[in-house]
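Since the structure comes first, as C-alpha cells, the remarks are kept for the end.
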Amino acid sequence: MIVANRSSLSIYSETRTVAEITAALGIEPHNGADVGQPTRAALAGRALSAEYMSHQRTHWSFDSDRSLVDDEDDPGVGSLRALIEAFRGKADALRSLRPECDTVIWWSADSDNSQGTFVIPPDLLAELALLGCELRGTTFLDDDELDLRDV
C-alpha cells in the first residue's frame, strides 16, 4: 500500500524565462532556473562537462502543498489532488505555454511492501486530463521480509 506520496508540476523551456512562466500562470514556483544559470552541481564546485554546469533549459517547478496532503489517503494520491487544487483554473494558461514549453506532473510514492499497488480514481484522472500535462510516476517499494541484495 502507498504510505506517502509527493507531486510537482514542472515546466521546461529553451525560450521562456522563469519570470515569463510565472507571469503566464500567476503562480510563484518553489524552484526555478533560467537557461545559462549554474546548476546545483556547478554551485557545489563539482567539475563536470559544460552541459552539466549550466542549465540548458529553463526549469520552473511547483510542489504540491504538504499541508493539503492527507497521508492517510488510502489510494496514495493526496499530493496529486493538492496539485490539482493549486492549478485549478490554469488549464488555458498551461495550454498557452505548450508551444514553447514541456509541462510535466511528477508523482512519486512510497510503498510499505514489494507490490507498490496504487489506484488513481477516475475523478482524479479526469481532473489531471484537464490540465493537459504529461504524468510521470515512480513508486518506491519496500519489503521488510526480503532484502533484494540477498537474492
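Just so you know, all these numbers are worked out from the coordinates, no wet-lab data involved. Small disclaimer: the values here were computed from a predicted structure and weren't measured. As a convention, Cβ positions derive from the backbone with ideal geometry for all residues, glycine included, and neighbour counts pool all protein chains shown.
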- Quote the FRET efficiency, to the nearest 0.05, computed for THR17 versus LEU135 with a Förster distance R0 of 25 Å and r equal to the Cβ-Cβ distance. 0.50
- Note on the structure: Most exposed to least, judged by fewest other Cβ atoms within 10 Å, TYR12, TYR52 sort to TYR52, TYR12
- Listing ARG40, ARG16 by rising number of other beta-carbon atoms within 10 angstrom, fewest first, gives ARG40, ARG16
- the stretch 3-43 shape via C-alpha gyration tensor axes, a/c threshold 1.5: oblate
- Query: When DSSP beta bridges are limited to those with both residues in the chain, what percentage is antiparallel, rounded to the nearest 5?
  - Reply: 75
- Which entry in [x] 17.6, 52; [y] 14.5, 41; [z] 16.9, 60 matches Rg and Dmax of the Cα atoms in Å derived from the coordinates of this structure? [x]
- Message: Given points 7 Å out from each Cα along the Cα-Cβ axis, report the ALA93 to ALA4 separation in nanometres with one decimal.
- Response: 3.0
- Could you put THR58, THR39 in order, starting from the residue whose Cβ has the fewest other Cβ atoms within 10 Å? THR39, THR58
